[in-house]
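Here is the structure we will look at, set down as structure tokens.
The values are calculated or read from the model by the stated rules, or taken from the named source; none is laboratory data. Small disclaimer: the values here were computed from a predicted structure and weren't measured. Methodologically, a virtual Cβ is constructed for each residue, glycine included, from the backbone with ideal geometry; neighbour enumeration extends over all protein chains shown. Side chains are part of the model used for accessible areas, which takes the heavy atoms of the whole protein and leaves out ligands, DNA and RNA. Shrake-Rupley method; radii C 1.70, N 1.55, O 1.52, S 1.80 Å.
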Number of protein chains: 2
Amino acid sequence: MKLATYEQIPVTPRGAGTGLSGGCLPLYGGIALSLERMNRILEIDTNNFICVTEPGVIVQTLQEAVEEENLFYPVDPASRASCLIGGNVAENSGGPRAVKYGVTKDFVLGLTAVMPDGEIIKTGGKLYKDVTGYNLTQTLVGSEGTLAIITEILLKLIPLPTLRLVLMIPFPSLEAAATTVSMIMRARIEPSALEFIERDAIIASREQLGTHVDYDDAAAHLMIELDGDNQDLIDERAEKLGEIALEHGALDVLLAETKQKQEELWTIRRSLSEAVKSRSVYKEEDTVVPRDRIPELLKRIKELCARWNISSVCYGHAGDGNIHVNLLKDDLPDEIWNNKLDTMIRELFEIVVDLGGSLTGEHGVGYSQREYISIMKSPVELALMKRIKDAFDPQGLLNPGKIFPTS
Amino acid sequence: MKLATYEQIPVTPRGAGTGLSGGCLPLYGGIALSLERMNRILEIDTNNFICVTEPGVIVQTLQEAVEEENLFYPVDPASRASCLIGGNVAENSGGPRAVKYGVTKDFVLGLTAVMPDGEIIKTGGKLYKDVTGYNLTQTLVGSEGTLAIITEILLKLIPLPTLRLVLMIPFPSLEAAATTVSMIMRARIEPSALEFIERDAIIASREQLGTHVDYDDAAAHLMIELDGDNQDLIDERAEKLGEIALEHGALDVLLAETKQKQEELWTIRRSLSEAVKSRSVYKEEDTVVPRDRIPELLKRIKELCARWNISSVCYGHAGDGNIHVNLLKDDLPDEIWNNKLDTMIRELFEIVVDLGGSLTGEHGVGYSQREYISIMKSPVELALMKRIKDAFDPQGLLNPGKIFPTS
């Protein structure tokens, strides 16, 4: 980094390259700095429930290592089998379990990071409370590789829940499924995942995996996980949950009690993104709204798509209000797709902002969303973010071209 | 703020003035800007579990208001009957329940804030996931009124636990009590509070409140709260907890099952700070270390105090490794107290840093700790923090003289 600064070479840090906003693309050439081989878990501290890790560890590897100690790192992005923990920190990754446990930022207690000029800083520590100076840890989490290069991470762990139950609930309409989400949360059921899946996503996944899915013609499914340490409490909540779903029009309530059946369902859930995207040229948006606005979000997305005559497939983390919207080109001519897409996305984001939402819940702004950020952030807010960027990286060498609009 | 900027007048935001690091003192005169009358709770959103509030609401008032909706704001500083939520956000307050639920930063989803030049920014939203741009919310939380003036706060709420149990466990030595802390956590008991109280603090509180405390001659007590929604699980954990404590030398295990008895114990806990401080001129330090280092921290504090011939009373949030150390002047002549205190505090902080800890867990740096921050933060880190300060407040008008050392 000292050399890069001296020679004014742009540097783009890179994890596994699984991100969904183009954050690791070296837009201006220079150095693509891979953290892939810094792949050691340095310590699993079972006294303090903390994992010390390098950034290049695959998230699933990290999860499995801490589970051997009966500890739990609940952040569980669909790409966990290939994405790196450093990338998760840089993007503040979320995933399905955020509804109960929070996102990556809620688990990062400290960082070691290399500044653009090669100086090393340490933030936080093996500490659950620490207010000495500004919170540099949280400024770095989710900064998408634009402020410093993360080389060591202290992660909070929690006790591994001993029991788990997964429910699959088909609904006859998007609205019925979406409305049920808020009702489940209002009933204090505290699911550890509350996923919404539209029919076409289920079908794409079923076809890709060659598996069977009950009620695959239902307009939407909710896939819900409950976890904990007390079977009675889980059963009680599952029963209440089933009642609520049926009251709101669910076609059935299917329980996956064995670990094998649960894994099958999670495999379907994790395959959705690739299955949907393999069917067509696509553009994915990572909308997030207050969770009680999901029914309206879905309704307005479908109206928008009908008006533009573009098909869409939605799924995502409904418990967090985080819905991934896949816009599909299908057999539209390139010219029409290319011409209309930008305007349509702007309209989509205007709906999201109108509902009190945000452009991206967990994928980041990166390259793909940078031109849209000013739909949501004011010139004052963007200028402030730019000054924070300058505070870390006055020469603008680190991951240039990301987050901020070009205009 | 526009006028203050135009006229170059320093502005020091102020909540209830209950902070413990002098954060609200207008060191350079100018305007002391009280947020006390912005005291409306604007909304308790029972669909999304979010409270929208102005900064001047008393924390206990806010807690009670959300509890009426069966929701829970668990951050519970001892000063909750008088401190303001805005001050809690500015200082990133902690308290006893952080061991299970986290500190203020873990509950702040969004802010409205006024910049030093009078411009208004909005950060976050009613959103559990949001990665559009840098995390200005978390940069502001804990920034001690030095970056912007917080005028509206979005707080995450959680379902109110229906059951609660408090245990009071006397120990014959500090070491036995401190060692037990780690053992309880290792056993996955997940207490909602795990407090350490040294004998002299119990005695001071007992005398001030005129109340009876069992085993008031025990060297230390652990006060432990369990909460949840399942009586069997709580009972099972209480039993396991009692066994662990007795194995590690506890003199007894006392249960407070009624709400009245629990409130009595919490009243004692909340009175400790004032009770101890009413006995002598004092200096309080807010040390925090990895929780398995508490036995060593206490041992070394007591050795240090013996060497300097200054008495100390310790208590605090042992589950977080956060121990408040009260150094007492007693009948030492002013001259000796004034001369030795600074050097002794430096030695204390060197011990803390040596144990992987931090100077302050929840009280902030403010005025009282600013000269010590460089014991822990490197010149590179301090310079970076200063540049962040400049990014928000280029003219240095907001709460000047805080956090950063004068030298």
- [ ] Answer with yes or no whether B:Ile403 is under 30 Å from A:Asn48 (Cα atoms) and not assigned by TED's automatic domain parsing to the domain that holds B:Asp292.
- [x] yes
TODO: Out of the residues in the stretch B:377-393 that are in contact (Cβ under 8 Å) with a residue 40 or more places away in the chain and within 10 Å of chain A (Cβ to nearest Cβ), state the one that is surrounded by the most Cβ atoms within 10 Å (Cβ to Cβ).
DONE: B:Phe392
Task: Pairs where the first residue, in the stretch B:295-310, is in contact (Cβ under 8 Å) with a residue 60 or more places away in the chain and the second is crowded, with 18+ Cβ neighbours inside 10 Å and acidic (Asp, Glu), C-beta under 9 Å, 6+ apart - done: B:Pro295/B:Glu175; B:Leu298/B:Glu175; B:Leu298/B:Glu198; B:Lys299/B:Glu175
Open item on the list: Restricting to the stretch B:384-407, name every residue that is under 18 Å from B:Thr12 (Cβ atoms) and of a type in the set (Val, Ile, Thr).
Closed with: B:Ile403, B:Thr406
Task: Yes/no for A:Arg206 being among the basic types (Lys, Arg), part of a helix (DSSP H, G or I) and buried (at least 19 other Cβ atoms within 10 Å of the Cβ) - done: no
TODO: Quickly run through the stretch A:60-71 and pick out the residues that are of a type in the set (A, V, I, L, M) and out of contact with any Ser or Thr (no Cβ under 8 Å at 6 or more places or on another chain).
DONE: A:Ala65, A:Val66
TODO: Output yes when any residue across the stretch B:365-388 is part of a strand (DSSP E or B), of a type in the set (A, V, I, L, M, F, W, C) and modelled with pLDDT of 95 or more, and no when none is.
DONE: no
- [ ] Would you be able to say whether some residue in the stretch B:23-34 is within 14 Å of another protein chain (Cβ to nearest Cβ), surrounded by 18 or more Cβ atoms within 10 Å (Cβ to Cβ) and at pLDDT 95 or above?
- [x] yes
Task: Pick from the stretch B:57-112, criterion touching a His at 6+ places or on another chain (Cβ under 8 Å) and small (Gly, Ala, Ser), ranking: nearest to B:Glu264 (Cα to Cα) - done: B:Gly95
Open item on the list: Restricting to the stretch A:214-229, give me the number of residues that are open to solvent by 10 Å² or more (accessible area, probe 1.4 Å) and either under 22 Å from A:Asp76 (Cβ atoms) or in a helix (DSSP H, G or I) (or both).
Closed with: 3
Open item on the list: I'm trying to understand the selection: among the residues of the stretch B:171-182, which are of a type in the set (Val, Ile, Thr) and surrounded by fewer than 24 Cβ atoms within 10 Å (Cβ to Cβ)?
Closed with: B:Thr179
Task: Boolean, A:Asp235 is in contact with a helix residue (DSSP H, G or I) (Cβ under 8 Å, 6 or more places away or on another chain) and open to solvent by 10 Å² or more (accessible area, probe 1.4 Å) - done: no
Task: Tabulated pairs, the stretch B:187-203, first free of Cβ contacts under 8 Å to residues at least 40 places away in the same chain, second surrounded by fewer than 22 Cβ atoms within 10 Å (Cβ to Cβ), C-beta under 8 angstrom, 6+ apart or interchain - done: B:Arg188/A:Asn70; B:Arg188/A:Pro159; B:Arg199/B:Asp216; B:Arg199/B:Asp217; B:Arg199/B:Ala219; B:Ile203/B:Asp216
Task: Test: residue in the stretch A:48-59 that is surrounded by fewer than 17 Cβ atoms within 10 Å (Cβ to Cβ) and either more than 22 Å from the chain's Cα centre (by Cα) or not assigned by TED's automatic domain parsing to the domain that holds A:Val114 (or both) - done: no
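Here is a yes/no grid of residues against (1) open to solvent by 40 Å² or more (accessible area, probe 1.4 Å); (2) touching a helix residue (DSSP H, G or I) at 6+ places or on another chain (Cβ under 6 Å):
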{"position": "B:Gln262", "(1), (2)": "no, no"}
{"position": "B:Leu265", "(1), (2)": "no, no"}
{"position": "B:Glu284", "(1), (2)": "no, no"}
{"position": "B:Thr287", "(1), (2)": "no, yes"}
{"position": "B:Pro290", "(1), (2)": "no, no"}
{"position": "B:Arg300", "(1), (2)": "yes, yes"}
TODO: Answer yes or no: is there a residue in the stretch B:233-253 that is in a strand (DSSP E or B), touching an Asp or Glu at 6+ places or on another chain (Cβ under 9 Å) and not assigned by TED's automatic domain parsing to the domain that holds B:Phe72.
DONE: no
Task: Selection status of B:Ala78, open to solvent by 10 Å² or more (accessible area, probe 1.4 Å), more than 30 Å from B:Gly396 (Cα to Cα) and outside any helix (DSSP H, G or I) - done: yes
Task: Odd one out for B:Asp130 among (1) in a loop (DSSP other than H, G, I, E, B); (2) farther than 23 Å from A:Glu362 by Cβ; (3) over 14 Å from the mean Cα position of the chain (by Cα) - done: (2)
Open item on the list: Restricting to the stretch B:315-359, name every residue that is hydroxyl-bearing (Ser, Thr, Tyr) and either assigned by TED's automatic domain parsing to the domain that holds B:Ala176 or part of a helix (DSSP H, G or I) (or both).
Closed with: B:Thr343
Task: Residues being in a strand (DSSP E or B) and open to solvent by less than 20 Å² (accessible area, probe 1.4 Å) - total across the stretch B:1-22 - done: 2
Task: Selected residue (only one of B:Met168, B:Met185 is in a strand (DSSP E or B) and open to solvent by less than 30 Å² (accessible area, probe 1.4 Å)) - done: B:Met168
TODO: Scan the stretch A:94-114 for residues that are assigned to a loop (DSSP other than H, G, I, E, B) and within 7 Å of chain B (Cβ to nearest Cβ) and jot them down.
DONE: A:Gly94, A:Val103
Open item on the list: Suppose we filter A:Leu241, A:Leu255 for residues that are closer than 18 Å to A:Leu163 by Cβ and touching a Pro at 6+ places or on another chain (Cβ under 9 Å); which single one remains?
Closed with: A:Leu241
TODO: Output yes when any residue across the stretch B:155-163 is of a type in the set (A, V, I, L, M, F, W, C), under 29 Å from B:Tyr6 (Cβ atoms), more than 10 Å from chain A (Cβ to nearest Cβ) and buried (at least 22 other Cβ atoms within 10 Å of the Cβ), and no when none is.
DONE: no
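Yes/no matrix, rows are residues, columns are (1) out of contact with any helix residue (DSSP H, G or I) (no Cβ under 9 Å at 6 or more places or on another chain); (2) surrounded by fewer than 21 Cβ atoms within 10 Å (Cβ to Cβ); (3) within 10 Å of another protein chain (Cβ to nearest Cβ):
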position: A:Ile310; (1), (2), (3): no, yes, no
position: A:Tyr315; (1), (2), (3): no, no, no
position: A:Lys329; (1), (2), (3): no, yes, no
position: A:Leu332; (1), (2), (3): no, yes, no
position: A:Glu347; (1), (2), (3): no, yes, no
position: A:His363; (1), (2), (3): no, no, yes
position: A:Ile375; (1), (2), (3): no, yes, yes
position: A:Gly396; (1), (2), (3): no, yes, no
position: A:Pro405; (1), (2), (3): no, yes, no
Open item on the list: Tell me whether the stretch B:142-153 contains one or more residues that are under 22 Å from B:Thr53 (Cβ atoms), part of a strand (DSSP E or B) and facing another protein chain (nearest Cβ under 10 Å).
Closed with: no
- [ ] Please find, within the stretch A:118-127, the residue that is most open to solvent (accessible area, probe 1.4 Å) out of those that are within 7 Å of chain B (Cβ to nearest Cβ) and within 15 Å of B:Val352 (Cβ to Cβ).
- [x] A:Lys126
